[in-house]
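**Student:** I have a structure I would like to understand better, so I am pasting it below and will then ask my questions one at a time.
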Amino acid sequence: MKLLSLLLLLINISVQADVVKPALVEVTIFNNKTLEVTIDLSLEAAMSGIGTQYKNTTDSPNSQTYDQLRSLEPEVLRERFKAFEVEFLNSLELSINHQAQVLTLTNAKIDIVGYKKRPRKTVLTYQTPLDEWPKTLTWQYGKIHGDSALRWQIYKQDEYNWSQWQWLRDGSSSGVIDINHPESQSATQRFFQFIDIGFDHVIPLGWDHILFIIGMALSSLLWRRLLLLVSVFTLAHTLTLGLAMVGVLEISTRIVEPLIAFSIAYVAIENLLVHQSIKRKTIVVFIFGLIHGLGFASMLKNFEMAPDSFATTLIGFNIGVELAQVVIVIGVVGVLLILRRLRLNYRQLAIIPISILIALIGFWWGVERLIG
């Protein structure tokens, strides 16, 4: 009974959590010397003072405020933002030629309420006229908001060309960027940058993926079997990630998200079986890997990679994901080996209760996503 109560408490905590995602910031300087900034963010998190220093919203003391804002219709949230906007702008720094810019909101696109256990997307668009042609750019997101990713484009030689993404952690400044004679990012720099982004997308941001890998790692302590399962899963999600990124395969997130949740439940339920078929498990993991790859693609598409950097960023992102997977598997297996070394029944103490918890969370998420 105590174990059941604990499981239900953990489920209640888990299902209410939204991952706090970094803001994507794009700066465009038009040929008429107008500057435009678009900020793709979780507006509710920003208004609640919940930044990426929290793994999810329930870690913050302001989580109830977030939940209240998350349930508001777009037009109501937009009205609430009006009172908060001055504070929000004061937390930002945007300088051109070392001069701070005063921004005016021209558009606020807020998604419908939709599925409440996922951060809602908001895109704020600001503009300001420039007195002179820009030579330098400095951006800093408020420390209270945490991480952001920045890229910029400027009208030059009759066209606009996006810079590469710059990942800024914990509200750090971009520093002074020379946009008059920009320094191009090398393929190696871009490669390692997206390794970092891929790792972050799983740890700490990808709770779906984390729970699936934990469930898979709990299935066996035989390293050959685990190696087979991880390799098959990697192959599968790499395949659909690549196909989705080039536009060959596209499936609505309304289908993909519930399937990901139910895949978490299924792989955990299989751990409760005394005799597991490695052949069946391998096939199941491959199929679910295909689905998870589509989930990765929906995130990676936000970065709008240029054709010449497509392969580098895709490979780097995928390596980052795999490194995170390895960390999770090693952690799970390490705990099980410690329990076994202590001559404890690790199946009864860890595998069964954790698998039940993961299965219940996955099933709950799946039902909610179908309803949402």
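**Student:** If you check residue 343 against the conditions, is it among the charged types (D, E, K, R), out of contact with any Leu (no Cβ under 9 Å at 6 or more places or on another chain) and farther than 20 Å from residue 226 by Cα?
**Tutor:** yes
**Student:** Regarding residue 153, is this residue among the polar types (S, T, N, Q) and either surrounded by fewer than 13 Cβ atoms within 10 Å (Cβ to Cβ) or without any contact (Cβ under 8 Å) to a residue 40 or more places away in the chain (or both)?
**Tutor:** No.
**Student:** Take the conditions under 18 Å from the mean Cα position of the chain (by Cα), within 30 Å of residue 100 (Cβ to Cβ) and open to solvent by 60 Å² or more (accessible area, probe 1.4 Å) and apply them to residue 200. Does it pass?
**Tutor:** It is false that residue 200 is under 18 Å from the mean Cα position of the chain (by Cα), within 30 Å of residue 100 (Cβ to Cβ) and open to solvent by 60 Å² or more (accessible area, probe 1.4 Å).
**Student:** A follow-up question, please. If you take the residues of region 227-255 that are surrounded by fewer than 16 Cβ atoms within 10 Å (Cβ to Cβ) and among the small types (Gly, Ala, Ser), which of them is nearest to residue 328 (Cα to Cα)?
**Tutor:** Here the answer is 231.
**Student:** Residue 70 fails exactly one of the following numbered conditions: (1) touching a strand residue (DSSP E or B) at 6+ places or on another chain (Cβ under 8 Å); (2) farther than 14 Å from residue 39 by Cβ; (3) surrounded by 14 or more Cβ atoms within 10 Å (Cβ to Cβ). What is the number of that condition?
**Tutor:** (1)
**Student:** Residues to consider are 285, 256; find the one that is among the β-branched types (Val, Ile, Thr) and under 17 Å from the mean Cα position of the chain (by Cα).
**Tutor:** That would be 256, the only listed residue that is among the β-branched types (Val, Ile, Thr) and under 17 Å from the mean Cα position of the chain (by Cα).
**Student:** Could you please find all residues in region 84-108 being among the aliphatic types (A, V, I, L, M) and assigned to a loop (DSSP other than H, G, I, E, B)?
**Tutor:** Answer for region 84-108, where residues must be among the aliphatic types (A, V, I, L, M) and assigned to a loop (DSSP other than H, G, I, E, B): 92, 102, 103.
**Student:** When you look at residue 144, is it farther than 30 Å from residue 190 by Cα and open to solvent by 30 Å² or more (accessible area, probe 1.4 Å), yes or no?
**Tutor:** Against the criterion (farther than 30 Å from residue 190 by Cα and open to solvent by 30 Å² or more (accessible area, probe 1.4 Å)), residue 144 does not qualify.
**Student:** Within region 91-114, can you find the residues that are crowded, with 18+ Cβ neighbours inside 10 Å and at pLDDT below 90?
**Tutor:** none
**Student:** Can you find, within region 172-195, the residue that is surrounded by the fewest Cβ atoms within 10 Å (Cβ to Cβ) among those that are at pLDDT 85 or above and farther than 16 Å from residue 297 by Cα?
**Tutor:** Looking at the filtered set, the residue picked out is 178.
**Student:** Is it fair to say residue 81 is within 23 Å of the chain's Cα centre (by Cα), closer than 30 Å to residue 131 by Cα, in contact (Cβ under 8 Å) with a residue 24 or more places away in the chain and not in a loop (DSSP other than H, G, I, E, B)?
**Tutor:** Taking the combined requirement at face value, the residue does not satisfy it.
**Student:** Residue 219: touching a residue at least 60 places away in the same chain (Cβ under 8 Å) and either assigned to a helix (DSSP H, G or I) or over 18 Å from the mean Cα position of the chain (by Cα) (or both), yes or no?
**Tutor:** Spelling it out, residue 219 is indeed touching a residue at least 60 places away in the same chain (Cβ under 8 Å) and either assigned to a helix (DSSP H, G or I) or over 18 Å from the mean Cα position of the chain (by Cα) (or both).
**Student:** If you check 28, 65, 38, which single one turns out to be open to solvent by 20 Å² or more (accessible area, probe 1.4 Å), modelled with pLDDT of 90 or more and in a strand (DSSP E or B)?
**Tutor:** 38
The values are calculated or read from the model by the stated rules, or taken from the named source; none is laboratory data. In this text, all values refer to a predicted model and were calculated from it rather than measured experimentally. Because the Cβ atoms are built from the backbone with ideal geometry, glycine has one as well, and the counts that use them run over all protein chains shown. In case anyone asks, the SASA skips ligands and DNA or RNA and just uses the protein heavy atoms, side chains included. Shrake-Rupley method; radii C 1.70, N 1.55, O 1.52, S 1.80 Å.
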